[in-house]
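The values are calculated or read from the model by the stated rules, or taken from the named source; none is laboratory data. Being a predicted model, the structure only gives us computed values, none of them experimental. A quick note on method: Cβ atoms are made from the backbone with ideal geometry, for glycine too, and the neighbour counts reach across all protein chains shown.
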């Protein structure tokens, strides 16, 4: 084994694995919080477990995982309970109730941490906030490849205890999500339906909250509490911008989280020195930054829900409607007996004449504008829909004939065959002829 | 005369603060007094803004804004040091904090309104990512040669003990400004918080008022950075307002109470942490506010837990004793002996003892050895209850579709709730029932 490789195993492997496990666990569980619009429950819990941790720490006098988990679980349960109490009796909105409870709990934790009783022990407030990935070092990683095949290597060489704890929470979280996927889905999206179906909603969601608090505690040392919030929300929000399916959402959220962890780790620990800087950057902070950048990028570029895609779709729709309005105008003027429409005023009104010409829907001769055959077909379809809707609104919805034009003007642009009213007569309420249906229906363009 | 006041106890500091109050304006007050007064002013401002933040459901936005100030502080420090400015003094860091807070607030609106994500996710994203950036920048600051990195971490947890008079003054000035603006625009803020649709329809610039509220929240967060720290600024916005909500349903009173709670928490917390300089001031101030909140939740006259419990117990007892009298009255009306000992329909055990004790104290029931019997007053009460009961039953069976909210069994006379005409109709129905029986 080369020195560089060994150096990586000693200094980075455990830290990298811990970050990744913590972040992926949070990413998977966070999906449910984001979907339930309770993202800030993660925020509240990660602040509020602090006094539980500190008290557990004072009692057990060590960083042993089990008392820490118990302390955090009690604190998380207390937070949920107190929030419900404040909400019910205080008559304030849930967000404020949560804010009151978790900030007081957090203040208590900070106060206890700085108190004399545990001043000497290595638990301080900033470690809780930013984590101490840098301290997760596998000092006794063997230099010989063959040693890694033996089980004893992993039990006897002092792997930091944060890693097995994180691995355990990771496995439990994955098992819970896989085994109770259906129950989680129904209780997340429709608690009433779940109750009607006899699924104990409070049990499923309570377990979820418990797992979130376990993940929070297990992650404290590796990534700190603020990064936990980031990882509960950012990857899930990123996945939410990409998919509408729950399974894909959860898996994608875990995947995004894992990639952010790895990329953030190297960006924090290795990139600055590789670029010639003297010091590495804070790893937990860098993972958060990477997650934020990934979220921002997906927010803009997601093909289904991104800002760019949405703006493009809106522009295409606006253009189609403008062209159809132009075609309708030309068609109606032809119907009224005018042989052509003068171009100048239409251009002045901002109608997309050039675009319609390029699409071969109208042609211009001198100052006259006329429909091409293709344009006539589309215009007939449009006018047909408009007049069918007017007929429908008068006959079925009971509106007066002089009140239906504006509504029909909107609905005429919907060209799915199922959404067009059936024909009941040859003319519309104003006595105008309804053009016949064409074989090849109008297409979006 | 009071410069030698005992400052080793809480009372001492409070006394000193009060006696030195006039000297603040002449600049002769001691540092502790200035800090205590400034923290109090900050608490009042936070309490005021908090009420509107609570009504507009922006309490947790304040949390995100608080966290979002960290990269502003650290970034301003780095840029200022590069430019060779004296970053530790003056408003430079606070300007950076306000700028970052504003960007954070803007991004929350952007994510919540322009994407499919909800506001909670937007708040969480901004809060955590901004803080992450801040942590990275703090690391950079720590590695810079300036050697003054310790100063910035006081922004995270707050540290009143190391606060200079100048810092306290800038905090007090921001707080006073916020106080003034909030009170001046109280009407507009109230209108938008309670009925934004109406406000929009009547031509008020709702978006502008919303922006103003966000701006006030940002200012409060920035003002509180040195006192409570950016992590706990949300507490001073959420807690006083939520606590005041227990005491009143009247907005003016809620605002006043919230301001008082905020002010007391701020100044008292600062005084306590002056006694123990090692303790994180932010946590102490927030714990003080939390104690006041707990007291409000327990002791508030109508909505408090104790008041609520008393109301519940009293109504349970009323129902039980009414039921007991009615049962006894029916028995005596049927001609059965009242001294038949404990019967199943009557409350037994400890509850029964309490109920009978109360009834005896009110003179409705007398003890006959091992059994109870109604006194004449009890008979009259029984007749009244029974009549009410039967009229209400008749009302429910004939008029239940009219207004279920009118049904109140405990009312002294049905006539108090229902019209005379209706009561006469009901009486006829009851009479008919009797004749048929």
Is region A:136-150 home to any residue that is in contact (Cβ under 8 Å) with a residue 12 or more places away in the chain, assigned to a helix (DSSP H, G or I), in the same structural domain as residue A:68 (by TED's automatic domain parsing) and farther than 25 Å from residue B:66 by Cβ? yes
Please determine, by comparing only the residues of region B:223-266 that are in contact with a helix residue (DSSP H, G or I) (Cβ under 8 Å, 6 or more places away or on another chain), part of a loop (DSSP other than H, G, I, E, B) and more than 12 Å from chain A (Cβ to nearest Cβ), which one is farthest from residue A:102 (Cα to Cα). B:226
Could you tell me whether residue A:254 is within 25 Å of residue A:163 (Cβ to Cβ), crowded, with 19+ Cβ neighbours inside 10 Å and modelled with pLDDT of 85 or more? yes
Out of the residues in region A:39-93 that are surrounded by fewer than 21 Cβ atoms within 10 Å (Cβ to Cβ) and assigned to a loop (DSSP other than H, G, I, E, B), which is modelled with the highest pLDDT? A:93
Of all helices (runs of 4 or more DSSP H) completely enclosed by region B:346-437, which ones contain at least 3 residues that are modelled with pLDDT under 75 and farther than 14 Å from residue B:322 by Cα? B:376-399
Kindly provide the set of residues from region A:151-161 that are without any contact (Cβ under 8 Å) to a residue 60 or more places away in the chain and touching a helix residue (DSSP H, G or I) at 6+ places or on another chain (Cβ under 9 Å), ordered by number. A:153, A:154, A:157
Can you pull out every residue in region A:1-38 that is within 12 Å of chain B (Cβ to nearest Cβ) and surrounded by fewer than 24 Cβ atoms within 10 Å (Cβ to Cβ)? A:35, A:36, A:37, A:38
Quick one: in region B:267-293, which of the residues that are in a helix (DSSP H, G or I) and surrounded by fewer than 17 Cβ atoms within 10 Å (Cβ to Cβ) is farthest from the other protein chains (Cβ to nearest Cβ)? B:275
Restricting to region A:188-205, count the residues that are under 14 Å from residue A:29 (Cβ atoms) and under 19 Å from the mean Cα position of the chain (by Cα). 1
If you check residue B:232 against the conditions, is it crowded, with 24+ Cβ neighbours inside 10 Å, in contact (Cβ under 8 Å) with a residue 24 or more places away in the chain, within 15 Å of residue B:154 (Cβ to Cβ) and under 19 Å from the mean Cα position of the chain (by Cα)? yes
Looking at A:283, A:287, which is the one that is at pLDDT 85 or above, surrounded by 15 or more Cβ atoms within 10 Å (Cβ to Cβ) and either under 17 Å from residue A:236 (Cα atoms) or out of contact with any helix residue (DSSP H, G or I) (no Cβ under 8 Å at 6 or more places or on another chain) (or both)? A:287
